[in-house]
1. Among the candidates LEU517, LEU487, which residue alone is in the same structural domain as VAL686 (by TED's automatic domain parsing) and either within 30 Å of ASP375 (Cα to Cα) or surrounded by 12 or more Cβ atoms within 10 Å (Cβ to Cβ) (or both)?
2. Mind counting the residues in the stretch 511-553 that are of a type in the set (A, V, I, L, M) and within 48 Å of the chain's Cα centre (by Cα)?
3. Does SER413 meet the test of being without any contact (Cβ under 8 Å) to a residue 40 or more places away in the chain and over 13 Å from VAL382 (Cα atoms)?
4. Would you say SER28 is in contact (Cβ under 8 Å) with a residue 60 or more places away in the chain and either under 19 Å from ALA101 (Cα atoms) or polar (S, T, N, Q) (or both)?
5. State all residues of the stretch 358-383 that are surrounded by fewer than 14 Cβ atoms within 10 Å (Cβ to Cβ) and not in a loop (DSSP other than H, G, I, E, B); if no residue qualifies, say none.
6. So which residues in the stretch 313-324 are within 15 Å of ALA450 (Cα to Cα) and in contact with a helix residue (DSSP H, G or I) (Cβ under 7 Å, 6 or more places away or on another chain)?
7. Among the residues that make up the stretch 609-623, is at least one of them more than 27 Å from GLN461 (Cα to Cα) and surrounded by fewer than 16 Cβ atoms within 10 Å (Cβ to Cβ)?
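The values are calculated or read from the model by the stated rules, or taken from the named source; none is laboratory data. Because the structure is predicted, anything quoted here is derived from the model rather than measured. All Cβ positions, even for glycine, are placed from backbone atoms using ideal geometry, and neighbour counts span all protein chains on display.
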Amino acid sequence: MTRAAALGSMFGARSVAVIGASARPGSSGWHALDELIGGGFDGRVHPVNPNYEKLGGLVCYPSIAEAPPVDLALVLVPNRVLEEQVKALADAKVPAAVIFASGHDDRGEPTLLEPIARIANDAGITVCGANCMGFVDVERGLRALAYPEEKLEPGGITWLAQSGSAFTALLHNNRRLRFNLAVSSGQELNTTVADYMLHALERQSTRVIALFIESVRDPGRFRQALRMAERRDVPVVALKVGNQEMSRQLVTAHSGALAGEDGAYEALFDAHGVMRVKTMNEMADVLELMSSGRRAGPGGLATIHDSGGERAHLIDVAAEVGVRFADISESTRSDIADSLEPGLPAVNPLDAWGTGNDADRIFGECMTAMLNDDDTAALALVVDLKHDEPEASYAPLIKRVARSTNKPVAVMSNLSSGIDPSTATEVRAAGVPVLEDTATGLAAFHHLFAYRDHRALPEIQAPKPRGPEVAKGWRPRLADPGPIPALEAFELLADFGIPTIETRRVESVAQALRASLEIGYPVALKSDKRGLAHKTEAGGVKLGLTSAGAVADAYRDLSRRLGPEAVVQAMAPPGIEMGLGMVNDEQFGPTLVVSAGGILIEALHDRATALPPIDEVRARRLIDRLKIRPLLDGVRGSAPFDTDALVEAILNLSTLATELGNDLSALDVNPLVVTHEGCVAIDTLVATFLVAQTVPSSC
């Protein structure tokens with residue numbers, strides 16, 4: 001049976017056994033039985049516990065072996081008998097189970113997980129858990145839980161959480177977020193978040209998928225699920241916590257430290273348009289906005305306010321979040337001005353309050369005019385949705401305006417605690433999102449627009465290969481572990497079209513002097529000791545040598561401390577120092593890194609990551625995400641620097657990573673100097689794997 005079919009059987013269960021069912025109120029066994037019976041499940045429920053003959057009016061069986069055949073078992077036993085009960089499930093040929101216990105032994109070690117996973121896999125048991133809170137199939141009324149949960153109205157959100165606390169937190173919300181499926185995946189013994197995503201994407205009701213993940217245990221299927229979500233136009237919202245430990249080889253390169261343990265996830269999410277959120281509050285606002293089903297067209301955000309001060313606050317926060325406001329036309333401004341009281345400027349964001357007289361008419365006309373503007377992609381009524389008398393309530397207004405358009409429309413509050421629950425419920429019942437905070441609400445619009453922009457990207461055109469002989473010729477040369485010599489590293493870059501500084505390898509004073517004459521003073525002298533990752537920190541770099549005597553003295557010093565291997569280079573031209581790199585993530589494979597370069601590469605932590613291959617559009621987007629980006633346009637009257645050459649270098653690095661990335665642990669170009677007419681790699685580190693490495697191939 002395929003994983004998809006197995007999950008279909010689990011969620012489609014017609015009979016459920018509750019192993020460890022109990023008559024003791026408040027116990028997990030009591031709650032599990034109560035949730036099944038009282039939650040609307042229309043299948044058969046069989047309590048299992050040798051201490052009872054009946055529970056909840058149902059026959060209680062002493063063991064699973066003596067119970068009727070079931071499709072699903074909820075296993076609510078302590079760890080000390082967990083393995084025994086899983087064996088009993090296997091003997092009874094139960095096809096699916098939810099395991100709530102942690103799988104830890106008496107010392108607190110997770111020693112039980114491996115044996116119970118082995119038993120389940122050998123018997124073909126599909127397991128949710130262990131160490132989970134269970135699941136709710138809202139559409140079917142199947143509540144496989146061991147705690148009390150409020151009634152959930154069916155909707156379009158699929159909620160998948162590896163954290164039990166996060167799982168319950170989002171279900172327990174006063175927003176009335178509507179779910180079709182919610183799963184606490186726990187330890188993921190043999191089903192993963194990716195499996196649940198693929199199952200959810202087979203449901204026509206799924207409008208948005210929300211993830212709380214600590215790690216991805218099945219990267220190949222996870223990317224498969226993300227691709228399917230893209231094809232189905234189902235947004236994915238993710239809160240990624242914790243760190244994935246990367247290969248030890250990565251610490252040898254700046255790019256490895258710079259990408260960090262999170263860089264591959266950032267690249268993965270960006271490649272597939274995943275909306276990454278930072279907090280659960282942001283998650284909730286994004287889900288509320290995205291689950292409305294309305295998508296943003298071209299343009300920016302229009303906002304209307306009843307306070308000039310709160311409008312100014314929103315403008316400040318929008319600049320931090322990165323939300324663009326709609327540039328409304330003169331015609332729209334004229335229409336707005338006709339509706340406003342005298343003295344109020346017709347601008348976006350718009351303060352339309354004035355004296356507050358006739359506010360319903362004024363706000364309605366202004367909102368309609370703003371929504372009709374070609375550059376308005378979405379509109380927010382930004383007010384403190386407090387309790388008001390019926391004639392002063394904003395609820396009828398926003399419901400009326402929302403019905404008149406297909407564009408996204410929402411209410412955004414400046415203070416979540418100031419929201420009147422009954423008014424918010426009325427607005428939400430009409431399908432209008434109520435975003436509960438300025439920062440998270442604006443972040444939701446930022447994600448809405450970013451998702452639109454991702455959907456508009458052209459399909460990636462794979463880079464043209466450098467020729468099969470190039471990659472084929474390099475693989476044997478990359479077989480030895482550790483960093484390769486500088487001259488060889490420069491040769492690799494050059495073979496893939498990345499310009500490099502003129503360089504000569506030397507092993508004596510005489511060779512150093514000859515190389516300096518050939519290149520022309522001033523020159524740089526650098527140690528090329530094999531295995532030396534960071535030359536500057538080791539005192540292995542001598543710059544600005546202007547004479548034979550300076551070169552000879554510098555070489556003798558390097559040779560004495562670091563060995564005779566060295567390179568002589570031309571001095572770097574003036575320009576903007578950038579960093580390019582590639583690290584090989586143990587889960588997702590080669591990951592590109594573009595960053596500020598030089599001595600600032602790690603100090604600024606200004607970087608963007610991507611999964612190769614990428615194309616020109618995506619290469620430019622990487623550059624645009626950097627804080628250093630404005631410097632490339634020229635500063636203090638200087639001419640702009642050659643961004644096109646930088647883009648070409650990034651694309652060539654993408655080709656290198658696509659063709660040889662699985663043979664490398666890390667590659668670092670720092671700095672790559674971008675001049676007014678081109679770019680050139682000044683220093684590079686290319687490291688192969690220190691040990692035999694298996695890299696992801698299914699991603």
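1. Sole residue among the options that is in the same structural domain as VAL686 (by TED's automatic domain parsing) and either within 30 Å of ASP375 (Cα to Cα) or surrounded by 12 or more Cβ atoms within 10 Å (Cβ to Cβ) (or both): LEU487.
2. Final tally of qualifying residues: 10.
3. Answer is no for this residue.
4. Spelling it out, SER28 is indeed in contact (Cβ under 8 Å) with a residue 60 or more places away in the chain and either under 19 Å from ALA101 (Cα atoms) or polar (S, T, N, Q) (or both).
5. Within the stretch 358-383, ARG361 is the sole residue that qualifies.
6. ALA318, VAL321, GLY322, VAL323
7. For the stretch 609-623, residues more than 27 Å from GLN461 (Cα to Cα) and surrounded by fewer than 16 Cβ atoms within 10 Å (Cβ to Cβ): absent.
One line per residue, one yes/no per condition, for (1) closer than 16 Å to HIS31 by Cβ; (2) at pLDDT 95 or above:
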position: ASN79; (1), (2): no, yes
position: ALA101; (1), (2): yes, yes
position: ASP105; (1), (2): no, no
position: LEU112; (1), (2): no, no
position: ILE119; (1), (2): no, yes
position: VAL127; (1), (2): no, yes
position: GLY155; (1), (2): no, yes
position: THR158; (1), (2): no, yes
